[in-house]
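Below: the structure, in structure tokens.
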Amino acid sequence: MANFLRLLGRRLAALPLMILGVTLLVFVVLQFAPGDRAVAALGEGASPAALAQYRQANGFNDPLFIQYFRYLGKLITGDFGSTLPPAKPITDVIASAFPVTLELTFLGVLIAIVISLVFGVLAALYRDTWVDQAIRVFSIAAIATPSFWLGILLIQWFALGDNSWFPSGGLADPSTGFSGWLSSMALPALALAIPVSASLIRVVRTSMVEELDRDYVRTAIGNGVPYTTVVSRNVLRNALVTPVTVLGLRIGYLLGGAVVIEMIFSLPGMGQQILNGITNVDTNLVQGVVLVIAITFVIVNIAVDLLYLLINPRIRTV
């Protein structure tokens, strides 16, 4: 337990440094983005004097390091700034959009886990048979399919014409309840999950095959322990260590993919806000949204590291 707490402390101690690095990277990259924030705020017809006054009033003429520390000071107090006129606090925009992205990502992760576990375990238990070959073809095809293109195909197959079983876009009104929410989230979550689950299937299969070939499996079966019991209680748990690590890396892809999928399915999430910010040259909005997504990715990966420690007790002794 002492080793585990020490490793936990290291992860948590590194969190502020990683978040600081994320803020610096996001700030610097967006400073060199095309577009003039003064023109975006005042309009194309603004006079040069008005533009110069706006830049001076908002500190755009200050050196970058001064602008960064000013921005960092506001972030510490929870101030992300305001959008371009009509001004609205960016925290309010994120508060309404971020839950949609989290819901989509969570549902995508859930679907990816179910698909990868079912197909990966089946491929391992029936290795080198037609079942294994069919799953391998599916996984290769799914990996090669971009999520945005898959989303368009799903809309054509299941949301248009006679096959309109799901809405083609938009988020269901809360009054429709859970069924309405699930109906509006099903296709975007599936488009997000399938490419990720395809890569996880191969990882689960490989881990399962390695565990099934170990001596303890043959020993347990030789001592009369039912094969299903050995697989469910021992093999599956030991085989999940590597897939959990890979899943942590894929969550970043899921968050980034959710941003694109939201645009295709017209979901009012973080992706829509990024698009609005880029279209309107609203650097503050893009900066705030990207920063929240990046910090979420860092925190999720630390959580996955801790889950990895819990699943694999051997790491705690390192």
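Counting only residues that are under 22 Å from M270 (Cα atoms) and either in contact (Cβ under 8 Å) with a residue 12 or more places away in the chain or loosely packed, with under 11 Cβ neighbours inside 10 Å (or both), the range 144-165 holds 8 of them. Condition check: in contact with a Ser or Thr (Cβ under 7 Å, 6 or more places away or on another chain), of a type in the set (G, A, S), modelled with pLDDT of 85 or more and closer than 19 Å to V109 by Cα. Does S197 satisfy that? When the stated conditions are applied, S197 passes them.
Scanning the range 142-167 for residues that are more than 22 Å from V196 (Cβ to Cβ) and either basic (K, R) or at pLDDT below 80 (or both) turns up L160, G161, D162, N163, S164. Residues in the range 249-264 that are surrounded by fewer than 23 Cβ atoms within 10 Å (Cβ to Cβ) and more than 19 Å from I295 (Cβ to Cβ): V260, M263, I264. Within the range 291-308, which residues are over 12 Å from the mean Cα position of the chain (by Cα) and open to solvent by 10 Å² or more (accessible area, probe 1.4 Å)? Selection gives I302, A303, V304, D305, L306, L307, Y308. Within the range 66-83, restricting attention to residues that are more than 27 Å from the chain's Cα centre (by Cα) and not β-branched (V, I, T), which residue is least open to solvent (accessible area, probe 1.4 Å)? The residue in question is Q67.
Here is a yes/no grid of residues against (1) open to solvent by 20 Å² or more (accessible area, probe 1.4 Å); (2) closer than 15 Å to L125 by Cα; (3) in the same structural domain as T105 (by the TED database):
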residue: A191; (1), (2), (3): no, no, yes
residue: T206; (1), (2), (3): yes, yes, yes
residue: R214; (1), (2), (3): yes, yes, yes
residue: A220; (1), (2), (3): yes, no, yes
residue: N223; (1), (2), (3): yes, no, yes
residue: V230; (1), (2), (3): no, yes, yes
residue: L247; (1), (2), (3): yes, no, yes
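Hey, among L285, L267, which residue is within 15 Å of L192 (Cβ to Cβ), open to solvent by less than 30 Å² (accessible area, probe 1.4 Å) and modelled with pLDDT of 80 or more?
On the way: L285 fails: within 15 Å of L192 (Cβ to Cβ).
So the residue among L285, L267 that is within 15 Å of L192 (Cβ to Cβ), open to solvent by less than 30 Å² (accessible area, probe 1.4 Å) and modelled with pLDDT of 80 or more is L267.
A search for C-beta distances below 6 Å between a residue of the range 276-295 that is hydroxyl-bearing (S, T, Y) and any residue that is assigned to a helix (DSSP H, G or I), counting only pairs 6+ apart in sequence or on different chains, returns T283/L30; T283/R37.
Looking at S168, S139, S164, S183, which one is assigned by the TED database to the domain that holds S207 and closer than 19 Å to V246 by Cβ? Before you say what the answer is, go through the steps one by one.
Numbers: S168 fails: closer than 19 Å to V246 by Cβ; S164 fails: closer than 19 Å to V246 by Cβ; S183 fails: closer than 19 Å to V246 by Cβ.
Sole residue among the options that is assigned by the TED database to the domain that holds S207 and closer than 19 Å to V246 by Cβ: S139.
Restricting to the range 119-157, what's the tally of residues that are outside any helix (DSSP H, G or I) and not aliphatic (A, V, I, L, M)?
First, the residues of the range 119-157 that are outside any helix (DSSP H, G or I): 126-129, 144-146.
The next check asks that each one be not aliphatic (A, V, I, L, M); those that pass are 126-129, 145-146.
Number satisfying all stated conditions: 6.
The set of residues in the range 32-57 that are touching a residue at least 12 places away in the same chain (Cβ under 8 Å) and of a type in the set (S, T, N, Q) is empty.
Listed by first and then second residue, the pairs linking a residue in the range 6-31 that is more than 28 Å from F60 (Cβ to Cβ) and not assigned by the TED database to the domain that holds I66 to a residue that is of a type in the set (D, E, K, R) and surrounded by 13 or more Cβ atoms within 10 Å (Cβ to Cβ), with Cβ atoms under 6 Å apart and 6 or more places separating them unless they lie on different chains, are R11/D305. Could you say whether any residue in the range 10-31 is under 26 Å from the mean Cα position of the chain (by Cα) and among the polar types (S, T, N, Q)? Yes, there is a match, as at least one residue in the range 10-31 is under 26 Å from the mean Cα position of the chain (by Cα) and among the polar types (S, T, N, Q).
For every residue, the table says whether it meets (1) more than 18 Å from V300 (Cα to Cα); (2) aromatic (F, W, Y); (3) surrounded by 12 or more Cβ atoms within 10 Å (Cβ to Cβ).
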{"position": "G21", "(1), (2), (3)": "no, no, yes"}
{"position": "V26", "(1), (2), (3)": "yes, no, yes"}
{"position": "P34", "(1), (2), (3)": "yes, no, no"}
{"position": "V39", "(1), (2), (3)": "yes, no, yes"}
{"position": "L51", "(1), (2), (3)": "yes, no, yes"}
{"position": "R55", "(1), (2), (3)": "yes, no, yes"}
{"position": "P63", "(1), (2), (3)": "yes, no, no"}
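The values are calculated or read from the model by the stated rules, or taken from the named source; none is laboratory data. Given the structure is predicted, the values throughout are model-derived calculations rather than measurements. A quick note on method: Cβ atoms are made from the backbone with ideal geometry, for glycine too, and the neighbour counts reach across all protein chains shown. Ligands, DNA and RNA are stripped out before the accessible areas are found, and what is left, the full protein with its side chains, is counted by its heavy atoms. Shrake-Rupley method; radii C 1.70, N 1.55, O 1.52, S 1.80 Å.
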